[in-house]
Every structure is written in C-alpha cells, then in structure tokens.
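**Q** Got a structure for you, written out below as structure tokens; questions coming shortly.
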Amino acid sequence: MRKIIYYVATSLDGFIAGVGEDISGFIQQGEGVNQYLEDLQSFDTVIMGRKTYEFGYKYGLTPGQPAYPHMDHYIFSNSLSFESPHEKVHIKKIDRDFILELKQQEGTDIYLCGGGQFAGWLLSEGLLDQVKIKLNPMILGKGISLFNEVKRTYQLSLNDRKSFPSGLQIISYDVLY
C-alpha cells in the first residue's frame, strides 16, 4: 500500500506560512532545497486541499493546470471546479474511502503538498503515514499551523534526518497509530 507523505517546510514553532500566507522567510535555495526538489521527482501523485492549490496562483500556476507536471493531482475540495482541467488534475470531494482507494492503487508513495487543515484531517482519520519536514531555522510566532485542529496526541518515530549548511534540516518521521 502506498504511503501518504506530508513533505512541507515549517518554522521551528510549527508554522508552514506566516501571517497572510507569507513564506518569504523560508530558505528558498541551497542544498536542502535542491534535495527537496530532487525528492519530489520520486512521486507520481500529489494530493492537496483547495487552499494549497489556489496558493500556487500567487506563483504563476494557471487554474486547472498541474503544479507538478509529472504528477497526477488530486485536489480535495467541496467547492472548487474548472471548466476544462488538465488531464492530470482531478477535483474530488473530501472522502476517506476515496483516499483509501488511492493508497491501494499502483504507484509511488503519495506527496501531500501543504495545507495544515487537510493534513490535520488526514492525521485524524489515520491516513497520514509519514511527516517529512524541511525545518527552517526561524520562528514565525503566528501563521498557518503545520497541523490544524488535531484533537489528540500522536507519537512519531524518527526515520531520517539530514542537515544542510544553511541551517535547514529535512527530518522524516513515521506516524505511529
């Protein structure tokens, strides 16, 4: 069964973006970012919520087009629609059973792109398998949380850790249910 891997940049205090979706303080280049971009090539499927997909519009993403051309996109939303989306872009209602089906399909592990709200829901539903964070050496104070509305404690097991000269670390944890 494929794993869902939440691979996301975060501050030391657990925010994936600052106030107003500001990500300008996150490390944007260097060996750690190159490692992240290389790692993304190993995925053939990406899942995300509507807000994360629409966040891409700020960086030139055209509505209905894939953010990652080599991946099939599943955007989970109860309100988003496109007139003629790219063949790799699929809008789905938020549905636990569909995500379980997706995990059982042939393919690579599944990249969960951003979204503290969707990540929190997946974790609460027992669907998130791994958290892989690009830990940035900064404190934001407030913003968008790594996980939103998680109502219980979850234990994690360290899987891997890499440190880079910029101070960025990529840390991978398995979720223990």
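The values are calculated or read from the model by the stated rules, or taken from the named source; none is laboratory data. If you're wondering where the values come from, they're calculated on a predicted model, not measured in any experiment. Note that we place each Cβ from the backbone using ideal geometry, even for glycine, and neighbour counts take in every protein chain shown. Keep in mind that these areas ignore ligands, DNA and RNA; they rest on the heavy atoms of the full protein, side chains included. Shrake-Rupley method; radii C 1.70, N 1.55, O 1.52, S 1.80 Å.
**Q** Net charge near Phe15: determine it from the other residues with C-beta under 12 Å of the C-beta of Phe15, scoring Lys and Arg +1 and Asp and Glu -1. Write out the running numbers ahead of the final one.
**A** Details: positive: Lys142; negative: Asp13, Glu21, Asp22.
Here the charged neighbours net out to -2.
**Q** Hey, another quick one. Given a 1.4 Å probe and the protein chains all in place, what does the accessible area of Lys132 round to, in Å² to the nearest 10?
**A** Near enough 50 Å² of accessible area.
**Q** Using the structure shown, list the pairs from Lys88/Lys151; Lys3/Lys162; Lys88/Lys142; Lys58/Lys162 with a Cα-Cα distance above 27 Å, or answer none.
**A** On the way: Lys88/Lys151 34 Å; Lys3/Lys162 21 Å; Lys88/Lys142 34 Å; Lys58/Lys162 30 Å.
From the list (Lys88/Lys151; Lys3/Lys162; Lys88/Lys142; Lys58/Lys162), the Cα-Cα distance tops 27 Å for Lys88/Lys151; Lys88/Lys142; Lys58/Lys162.
**Q** How do the peptides 108-116, 133-141, 26-34 rank, highest first, by the average count of neighbouring beta carbon atoms within 10 Å per residue?
**A** On the way: 108-116: 22.9, 133-141: 16.8, 26-34: 14.9.
For the peptides 108-116, 133-141, 26-34, the packing ranking is 108-116, 133-141, 26-34.
**Q** Right, something else. For the chain, what is the largest minus smallest coordinate of the Cα atoms on each principal axis, given in angstrom and ordered from greatest to least?
**A** 43, 37, 29
**Q** Turning to a different aspect of this structure: Each residue of region 128-144 in order: what ³J(HN,Hα) in whole Hz does its phi give by Karplus 6.51 cos²θ - 1.76 cosθ + 1.60, θ = phi - 60°, with x for Gly and Pro?
**A** My calculation for region 128-144 gives 8, 9, 8, 10, 10, 10, 9, 7, 8, x, 7, 10, 8, x, 7, x, 8 Hz in order.
**Q** What does the charge count around Val46 come to, taking other residues whose C-beta lies under 10 Å from its C-beta (Lys +1, Arg +1, Asp -1, Glu -1)? Please list the in-between numbers first.
**A** On the way: positive: Lys88; negative: Asp44, Asp72.
Taking every Cβ under 10 Å from that of Val46, the sum is -1.
**Q** Continuing with this model, one more query. What are the principal axis extents of the Cα atoms in region 75-156, in Å, biggest first?
**A** That works out to 41, 27, 24 Å along the principal axes.
**Q** Could you state the accessible area per residue of the chain in Å², with a 1.4 Å probe and every protein chain left in place? Could you put the intermediate results ahead of the total?
**A** Values: 9330 Å² over 177 residues.
With the other protein chains kept in place, the chain gives 53 Å² per residue.
**Q** In addition: In whole Å and largest first, what semi-axes does the C-alpha gyration tensor of region 30-110 yield when each eigenvalue is scaled by 5 and square-rooted?
**A** Numbers: eigenvalues 88, 65, 24 Å².
One finds semi-axes of 21, 18, 11 Å for region 30-110.
**Q** Hey, another quick one. Antiparallel versus total DSSP beta bridges in the chain: what percent is that, nearest 5?
**A** Values: 16 of 38 bridges.
For the chain, the DSSP antiparallel bridge percentage is about 40.
**Q** For Lys132, what is the net charge nearby, where nearby means another residue's Cβ is under 14 Å from its Cβ and Lys, Arg count +1, Asp, Glu -1? The partial results should precede the final answer.
**A** Working: positive: Lys3, Lys134, Arg161, Lys162; negative: Glu38, Asp39, Asp109, Asp129, Asp160, Asp174.
Once positives and negatives cancel, what remains is -2.
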